[in-house]
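Everything below concerns the one structure shown next.
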Protein chains: 2
Amino acid sequence: MSDLWQSGVVMDESVEACADLCPFFTPEGIVIVGARRSPGFGFILPIALQRQGWGDRLFLVNPAGGELHGLPLYERIADVPGAPDMAVVIVPATVVPQALREIGERGIKHVIIESAGFTEIGERGRALQEEAKSMASRYGIRVIGPNCVGVINTSNRLSTVEVVDEALNPGPVAVIAQSGVFGNILLDGLHQKGLYISKAVTLGNRMDVNECEILTYLHQDPETSLIMMYLEGAADGRLLRGTLDRVTRDKPVLVLKSGRTGSGRQATASHTGSMSGEDELYEAAFRQSGVIRADSLDDLVDMARVFSTQPLPSGKRLGITTSSGSLGALATDAAVKAGLELPPLDPASVERVRSIAPQWMNVRNPLDVGPSGQFLPAMTALLEDPNIDMVLSIAVMPFAVFREFKQRGISVKDWLGSAPELRDLAPHKPVILCSIGDRGFIQDLDEAVGPEVPVLTSPESAARALAALYRYKVMRDARMQDK
Amino acid sequence: MSDLWQSGVVMDESVEACADLCPFFTPEGIVIVGARRSPGFGFILPIALQRQGWGDRLFLVNPAGGELHGLPLYERIADVPGAPDMAVVIVPATVVPQALREIGERGIKHVIIESAGFTEIGERGRALQEEAKSMASRYGIRVIGPNCVGVINTSNRLSTVEVVDEALNPGPVAVIAQSGVFGNILLDGLHQKGLYISKAVTLGNRMDVNECEILTYLHQDPETSLIMMYLEGAADGRLLRGTLDRVTRDKPVLVLKSGRTGSGRQATASHTGSMSGEDELYEAAFRQSGVIRADSLDDLVDMARVFSTQPLPSGKRLGITTSSGSLGALATDAAVKAGLELPPLDPASVERVRSIAPQWMNVRNPLDVGPSGQFLPAMTALLEDPNIDMVLSIAVMPFAVFREFKQRGISVKDWLGSAPELRDLAPHKPVILCSIGDRGFIQDLDEAVGPEVPVLTSPESAARALAALYRYKVMRDARMQDK
């Protein structure tokens, strides 16, 4: 068994340590050590923070002095006025220990180190990281990084991550990414999939602050209701298991973990210096602690969309309505493989649908309405069916039909009905949509149903996301009884 | 064992029967039985065929007579002039046998029946389908359908499927879809993913023409180099296995098969009247006959993109370059799980990359170039490395960097280099790109690399698609030796 899972005591003090992380997310003032005129993050970050409204609490440091973006460049950290309580370090790795000393002397206790060139590059980097760690420790400095891009807090529009502005629109999803680049790129795209975030943290090499402390912080964060995490390896396996066990009782945690294979583990070692350990141990730890593990990045995103918008189902009985029998069959296969059931519909629902259905329609589950136009009544019948705990509605339309509808002034909304009303029919049942085909139709559908009902584009992934929702509920209920 | 796999003799005559299908794809003239003024396919199809240039070879039949879209409506099929050799039937199911009689009397031997309401609705429909089948048989009529939307041939812009015009731009991919709606919707979206088709056929209930005859036809079609198939069940299991075995020696066949689970099989039974049979039998038949089976619709599309653009690799040694270590690790895991290897790079490649790489870069496989900007040299080194049989390049860029590049007039193409040139470096090695994040960047990347190198958006699916390409090559080679 790997050392990773035997080392250390389960450190419950991490709960108390949590308040200690606040200045990372709600600083009074920010010092950027390594602001500069040449291209790179030292140039872009001050602009971004000014745009986000931090200009009056921003202090730039560069030995060259002068001005940058209309702000003075202080030559030494000691020269910075006021009471900044957080620093972002973007200087070459070799200079980082000295920068930490000066930051410590200035009384700043929270530092994000963006610089790379530490444990991830091998022995030489490891020594440098140890030196930096000692320095931070000497001054009682908490460090996020190195080799990261820092944090986001959408509630005060703080972002040291250079994301698009739309990514800063607040939402309920917190993101923990071990890697800076990956976190940045993931966040660049999430808003385009209807996912809005509360907080985000890129951990990098985890010289000090690790995923467990962040998880505990997010557990207590009232703005976060769901946590998405990309992990290459645990800083401390037992600690992670204990932390996840606590957090998932209240908030779902979705994890994408690389290093499933030997080659994958080697890749993570040279990336964030992570010792991934055997995948089976992670698999077991995740299962025992109520974590939902995603099999792919696409599944992680689809699950997040479903978890962040839908209530937990009371059982595993899935109802499917579809305007394509084939897609209904594919979703059915994926749902059953993932542990859901497709029970027969209640006789009253069958009768109700049959009364409005054309002769050729098979009134069963999955319910293929074909081109009957009875999509909305079918969906309503399933939402109100006592045999059904959750509904997946696959809404596709040949482009030619869509175009004809549009030309006649009939919108997707007219065809589908209003999603908020559908929600009211069965507020406790998860309901999601799925569509494929022409992008224009999918976009119209997305707008028609609004943010309450996600429109996914993979029937299999949609079914798996609903199965994950059910699995989370079962795990949480079982662990609640154990309490 | 299911009857499906024991029934019948392997009918090699299907090869000869193939020429018999030509009028479906290259008719001299088309009769639409059931053209009408009210909304529906009987109204839309004549417009579409006129737009596609078939107006002068199009004959509309409706007992009401008069005119439609500027064409005469013949009251009886017997009244149709000229020598049309194909008919599309869009009348209520109960009238179909009579329509077939009149079509037979008129001497037309090829009929697409779009009407639904046959075996897929149960006993009553089954009797009707038998009656129609007898009638067709009496007149020697070949039938595609019923319960389908017919065929597409992009080389003469024939389409009875109501797809967008862009879907009719010719390409090398043939599509067989058992279901009409699904086929239609799939085709609506493929061109937006860079997939262009040669022929497409929706089979519906397969009263007569089945997937085996179509496969044989496509095998001989010079415009088709790859076949994508969605299947709910085989018409004849042994025949299918034999046909696939022949076709896949020359052209890859990618299959998405539903009915993996009991509930999924029930769904297909009531959709196209298919008896799916046990999934294990299909799995074995596909493996033995060199078919690549996709696990999901997304995987099917990604594989088609890779198979339709890339050469077969000479071995299973994958090289990965990436600007995100995390995505590199995820792709590595998926590749190794799917049977590929990530060997060490050749010492000469290592030296070459090291000479231009910053100190922090780990020169290994996967090769994480991070923000070094050395994406193109790294990709070139892997393409020229004798230890590497194929290359996956994961190109991501934080939106802020992308925006800065754009503002300075630096395009993605400048950053990445030109893909056709990259192709020339190693014409026999598959190379694909993968990207995630902001949609704008992905679109620019797609345009920059051109149609020769697909840009996929799932690192795991991209790795699986390359593994499938290798698997196809191995199966084909093994079966060639057996000859």
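Pairs, please: C-beta under 7 Å, at least 6 apart or cross-chain, first residue within 11 Å of another protein chain (Cβ to nearest Cβ) and in region A:103-131, second acidic (Asp, Glu) and part of a strand (DSSP E or B)?
Between residues of region A:103-131 that are within 11 Å of another protein chain (Cβ to nearest Cβ) and residues that are acidic (Asp, Glu) and part of a strand (DSSP E or B), there is no close pair.
Could you check, for region B:393-403, whether at least one of its residues is under 25 Å from A:Ala167 (Cα atoms), at pLDDT 90 or above, crowded, with 22+ Cβ neighbours inside 10 Å and among the polar types (S, T, N, Q)?
no
For the condition surrounded by fewer than 24 Cβ atoms within 10 Å (Cβ to Cβ), over 22 Å from A:Ser179 (Cβ atoms) and in contact with a helix residue (DSSP H, G or I) (Cβ under 8 Å, 6 or more places away or on another chain), what is the one hit in A:Arg126, A:Arg106?
Checking each option against the conditions leaves just A:Arg106.
Which one is nearest to A:Pro39 (Cα to Cα), of the residues in region A:72-96 that are free of Cβ contacts under 8 Å to residues at least 24 places away in the same chain and either in contact with a His (Cβ under 7 Å, 6 or more places away or on another chain) or in a loop (DSSP other than H, G, I, E, B) (or both)?
Of the residues in region A:72-96, the ones free of Cβ contacts under 8 Å to residues at least 24 places away in the same chain are A:72, A:74-75, A:79, A:81, A:95.
Filter once more, keeping what is either in contact with a His (Cβ under 7 Å, 6 or more places away or on another chain) or in a loop (DSSP other than H, G, I, E, B) (or both): A:75, A:81.
On the way: A:Glu75: 19, A:Pro81: 26 Å.
That would be A:Glu75.
For A:Ala99, state whether it is among the small types (Gly, Ala, Ser), assigned by TED's automatic domain parsing to the domain that holds A:Pro222 and not in a loop (DSSP other than H, G, I, E, B).
Numbers: among the small types (Gly, Ala, Ser): yes; assigned by TED's automatic domain parsing to the domain that holds A:Pro222: no; not in a loop (DSSP other than H, G, I, E, B): yes.
Considered against the rule, which asks whether it is among the small types (Gly, Ala, Ser), assigned by TED's automatic domain parsing to the domain that holds A:Pro222 and not in a loop (DSSP other than H, G, I, E, B), A:Ala99 comes out as no.
Taking into account only those residues within region A:461-480 that are among the hydroxyl-bearing types (Ser, Thr, Tyr) and touching a Pro at 6+ places or on another chain (Cβ under 8 Å), which is surrounded by the fewest Cβ atoms within 10 Å (Cβ to Cβ)?
The qualifying residue surrounded by the fewest Cβ atoms within 10 Å (Cβ to Cβ) is A:Tyr472.
If you go through region B:420-446 one residue at a time, how many are farther than 24 Å from A:Phe182 by Cβ and touching a residue at least 24 places away in the same chain (Cβ under 8 Å)?
Selection size over region B:420-446: 9.
Just need a number here: residues in region B:181-193 that are facing another protein chain (nearest Cβ under 9 Å) and either in contact with a strand residue (DSSP E or B) (Cβ under 8 Å, 6 or more places away or on another chain) or crowded, with 24+ Cβ neighbours inside 10 Å (or both).
Going through region B:181-193 one residue at a time, the tally reaches 8.
Yes or no: region A:383-392 includes at least one residue that is in contact (Cβ under 8 Å) with a residue 12 or more places away in the chain, out of contact with any Pro (no Cβ under 6 Å at 6 or more places or on another chain), of a type in the set (D, E, K, R) and closer than 11 Å to A:Gly319 by Cβ.
If we filter region A:383-392 for residues that are in contact (Cβ under 8 Å) with a residue 12 or more places away in the chain, which is where we start, we get A:383-392.
Right, trim to out of contact with any Pro (no Cβ under 6 Å at 6 or more places or on another chain) and you get A:383-386, A:388, A:391-392.
Then drop every residue that is not of a type in the set (D, E, K, R), which leaves A:384-385.
After this cut, where a residue has to be closer than 11 Å to A:Gly319 by Cβ as well, the list is A:384-385.
Within region A:383-392 (the criterion being in contact (Cβ under 8 Å) with a residue 12 or more places away in the chain, out of contact with any Pro (no Cβ under 6 Å at 6 or more places or on another chain), of a type in the set (D, E, K, R) and closer than 11 Å to A:Gly319 by Cβ), the answer is yes, since at least one residue qualifies.
What do you reckon, is B:Pro386 in a loop (DSSP other than H, G, I, E, B), surrounded by fewer than 16 Cβ atoms within 10 Å (Cβ to Cβ) and within 27 Å of the chain's Cα centre (by Cα)?
Answer is no for this residue.
What helices (runs of 4 or more DSSP H), lying completely within region B:194-309, carry at least 2 residues that are away from chain A (no Cβ under 13 Å), crowded, with 24+ Cβ neighbours inside 10 Å and at negative phi?
Hits in region B:194-309: B:211-220, B:237-247, B:297-307.
Which count do you get for residues in region A:433-465 that are closer than 20 Å to A:Asp389 by Cβ and assigned to a loop (DSSP other than H, G, I, E, B)?
The qualifying residues number 3.
Every residue, every condition in (1) over 20 Å from A:Leu256 (Cα atoms); (2) at pLDDT 95 or above, yes or no:
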position: A:Ala127; (1), (2): yes, yes
position: A:Glu130; (1), (2): yes, yes
position: A:Arg138; (1), (2): yes, yes
position: A:Ile144; (1), (2): yes, yes
position: A:Val149; (1), (2): no, no
position: A:Asn153; (1), (2): yes, yes
position: A:Val161; (1), (2): yes, no
position: A:Asp165; (1), (2): yes, no
position: A:Ala200; (1), (2): no, yes
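Within 15 Å of B:Ile432 (Cα to Cα), aliphatic (A, V, I, L, M) and either buried (at least 19 other Cβ atoms within 10 Å of the Cβ) or away from chain A (no Cβ under 14 Å) (or both), is that true of B:Ile320?
On the way: within 15 Å of B:Ile432 (Cα to Cα): yes; aliphatic (A, V, I, L, M): yes; either buried (at least 19 other Cβ atoms within 10 Å of the Cβ) or away from chain A (no Cβ under 14 Å) (or both): yes.
Spelling it out, B:Ile320 is indeed within 15 Å of B:Ile432 (Cα to Cα), aliphatic (A, V, I, L, M) and either buried (at least 19 other Cβ atoms within 10 Å of the Cβ) or away from chain A (no Cβ under 14 Å) (or both).
Any residue in region A:142-170 that is within 14 Å of chain B (Cβ to nearest Cβ) and on the phi < 0 side of the Ramachandran plot sitting within a Cβ distance under 6 Å of a residue that is of a type in the set (Gly, Ala, Ser) and surrounded by fewer than 24 Cβ atoms within 10 Å (Cβ to Cβ)? List the pairs, counting only those 6 or more apart or interchain.
A:Glu162/A:Ala48; A:Glu162/B:Ala400
Which residues, counting only those in region B:56-96, are under 30 Å from the mean Cα position of the chain (by Cα) and either more than 16 Å from B:Phe41 (Cα to Cα) or outside the structural domain of B:Lys133 (by TED's automatic domain parsing) (or both)?
Once the filter is applied, which keeps residues that are under 30 Å from the mean Cα position of the chain (by Cα) and either more than 16 Å from B:Phe41 (Cα to Cα) or outside the structural domain of B:Lys133 (by TED's automatic domain parsing) (or both), region B:56-96 yields B:Arg57, B:Pro84, B:Asp85, B:Met86.
Here is a yes/no grid of residues against (1) more than 30 Å from B:Pro451 (Cβ to Cβ); (2) in contact with a helix residue (DSSP H, G or I) (Cβ under 8 Å, 6 or more places away or on another chain); (3) of a type in the set (D, E, K, R); (4) not assigned by TED's automatic domain parsing to the domain that holds B:Thr243:
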residue	(1), (2), (3), (4)
B:Lys133	yes, no, yes, yes
B:Ala136	yes, yes, no, yes
B:Val163	no, yes, no, no
B:Gly171	no, no, no, no
B:Phe182	no, yes, no, no
B:Leu187	no, yes, no, no
B:Gly194	no, yes, no, no
B:Val209	yes, yes, no, no
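The values are calculated or read from the model by the stated rules, or taken from the named source; none is laboratory data. All figures in this text were calculated on a predicted structure; none of them were measured in a lab. Positions of Cβ are generated from backbone atoms using ideal geometry, with glycine treated the same way; all protein chains shown enter the neighbour counts.
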